[in-house]
Amino acid sequence: MLKSRDRHNRGLRGRLAWPNPYTGAPVPLRSRQTKAEFFTMCVHDALTQIQEHCPRALAGIDVGIEDVPVVGLGWTRERVPLAAAVSATPEVNGQVVVFRRPLERRARTRQGLRILVFRTIVEQLSEATAIPVDEIDPQGHREDDDWD
């Protein structure tokens, strides 16, 4: 029987990689993005894509991310909103808030989450700015992609 370094089920002990023999610097270990970081990147990518196709859709609109929606009237645990939009007034910019946890629960894969975030932002921008969805997303990602 081999002796292992995982004594008492505490995990690995010691270094996983020796320092670089030429520079003496430790080897950087790649870590996976957290769910929140990936979601933020999805929102950023969606906004970049929308900016390329229809820049006027983002004029005067602030986009934000919340983990979960605040408990409101008219919806239950089975029917939680994915996002919220408020139209602009002369004094205040319009707002689109995307809720991270409900969107993550709806998507099965990371690619599905990316598609769902894009679709949700396009729909909310259309509602807040009164610009048709086809003008914001001329490629029509709504029908041909499967986010399940």
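Each reported figure results from applying straightforward, stated rules to the coordinates on display, with no laboratory input. Predicted, not measured: the structure shown is a model, and the values here were computed from it. All Cβ positions, glycine included, derive from the backbone under ideal geometry; neighbour counts span all protein chains shown.
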#### Entry: Length gained when the stretch Arg30-Val70 is fully extended (0.36 nm per residue, less Cα-Cα span)
10.9 nm
## Note on the structure
Given 25-37, 106-118, 45-57, the highest-first ranking by average Cβ count within 10 Å works out to 106-118, 45-57, 25-37
### Summary
Asn20 and Glu78 label points (each 7 Å along its Cα→Cβ direction) are spaced in nm at 5.8 nm
### Task
Starting from the Cα gyration tensor of the range 96-142, multiply each eigenvalue by 5, take the square root, and state the resulting semi-axes largest first in whole Å.
21, 13, 5
